[in-house]
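*Asks:* Can you read through this structure? Questions will come right after.
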Amino acid sequence: MSPLEELASRFRFNEKALALAVDGFGPSDWLHTVAGATSHAYWIVGHLALARRNLLRGTGYEHPVAAWERAFVRGSKPGPAATDPPPAALLEDIVESGRLLAAHLPALTPEEAASPYPRTFADGSSTKGGAAHFLYWHEAYHLGQLGLLRRAAGKSGVA
């Protein structure tokens, strides 16, 4: 078994959690924020889509760069609108990236998983396998933020 096979399936599970977190969101829900606490849901979803794309590229999959990616880099400021691309397109991109990750990550050999990733993460991860594990944690962190934003927007919790 590949060292990243199980992790790839966990990324796919996160897609279900994401769908539940944003279920029933209308235009104002995508832009709802909690003062001083977090970005809005639209930025978080775009940021997650970008992170998956970067993981694919950083582990050797040739994935094209989309013009919208720069709007969701770490440290960027959330924009006032959720239109370019629309939230549904970002959600579709996350699912498509998940499909690609599910095929690509398990195909990495142990040697490839241990090879350098283009950057080092906050936890010290600097290999392709380490990056995948860190970015899975990163995604789960942001899914938690979306759950809080869901409740702050007056939506029911998810079970």
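Where a number appears in this text, it was derived from the coordinates with a stated rule and is not lab data. Since the structure is predicted, the reported quantities are computational estimates derived from the model, not experimental observations. With ideal geometry, Cβ positions are generated from the backbone for all residues, glycine too; neighbour counts draw on all protein chains shown.
*Asks:* Which value at 222 nm does the chain reach when only helices count, each DSSP H run of 4 or more adding -39,500 (n - 2.57), with the total divided by all residues and rounded to the nearest 500 deg cm²/dmol?
*Replies:* Using -39500 (n - 2.57) per qualifying helix, the result is -18000 deg cm²/dmol.
*Asks:* Through the Karplus equation 6.51 cos²θ - 1.76 cosθ + 1.60, θ set to phi - 60°, convert the phi angles of the range 151-158 into ³J(HN,Hα) values in whole Hz; use x for Gly and Pro.
*Replies:* In residue order, the calculated couplings are 5, 5, 7, x, 8, 5, x, 10 Hz.
*Asks:* OK, next. May I ask you to sort THR59, THR109, THR120 by Cβ crowding, counting other Cβ atoms within 10 Å and putting the fewest first?
*Replies:* By the 10 Å Cβ count, ascending, the order reads THR109, THR120, THR59.
*Asks:* Given the convex hull over the Cα atoms of the range 39-159, what projected area results after averaging over all orientations, in nm²? The partial results should precede the final answer.
*Replies:* Working: hull surface 32.8 nm².
Result: a mean projected hull area of 8.2 nm².
*Asks:* Roughly how many debye, to the nearest 20, is the charge dipole of the range 88-146 about its Cα centre, given +1 on each Lys and Arg Cβ, -1 on each Asp and Glu Cβ, and no other charges? Mind showing how you got there, number by number?
*Replies:* Numbers: 3 positive and 7 negative charges, 23 e Å.
I would put it at about 100 debye.
*Asks:* Let me ask something additional. Using +1 at the Cβ of each Lys and Arg and -1 at the Cβ of each Asp and Glu in the chain, identify which of HIS104, GLY79, TYR117 lies farthest towards the dipole's positive end.
*Replies:* Going by the charge dipole, the pick is GLY79.
*Asks:* Okay, moving on. LYS128: which lysines have alpha carbons under 25 Å from its alpha carbon, excluding same-chain residues fewer than 8 sequence positions away?
*Replies:* The reachable lysines, counting only those whose Cα sits under 25 Å from LYS128, are LYS16.
*Asks:* Please work out the Cα center distance from the range 93-129 to the range 1-27, rounded to the nearest Å.
*Replies:* Measuring centre to centre over Cα atoms gives 16 Å.
*Asks:* If you don't mind, there's one more thing I want to ask. Using alpha-carbon pairs under 8 Å, 6+ residues apart, how would you state the relative contact order of the chain in percent? Present the calculation step by step, with values, prior to reporting the outcome.
*Replies:* On the way: 176 pairs, mean separation 59.7, N = 159.
For the chain, the relative contact order is 38 percent.
*Asks:* Mind checking which of LEU149, LEU50, PHE134 is farthest towards the positive end of the chain's charge dipole, using Cβ charges of +1 (Lys, Arg) and -1 (Asp, Glu) about the Cα centre?
*Replies:* Projecting each Cα onto the dipole axis, the largest value belongs to LEU149.
*Asks:* If you don't mind, there's one more thing I want to ask. Using the Cβ atoms and a cut-off under 11 Å, what net charge is assigned to the surroundings of LEU143, where Lys and Arg are +1 and Asp and Glu are -1? Write down the numbers at each step before the final one.
*Replies:* Values: positive: LYS16, ARG150; negative: GLU15, GLU139.
Net local charge, LEU143 excluded: 0.
*Asks:* Which of these, PRO106, PRO27, PRO64, has the largest mean-square fluctuation under a Gaussian network model of the chain (Cα springs below 10 Å)?
*Replies:* Ranking PRO106, PRO27, PRO64 by mean-square fluctuation puts PRO64 first.
*Asks:* Roughly how big is the chain's charge dipole about its Cα centre, with Cβ charges of +1 (Lys, Arg) and -1 (Asp, Glu), in debye to the nearest 20?
*Replies:* The calculated dipole for the chain is roughly 380 debye.
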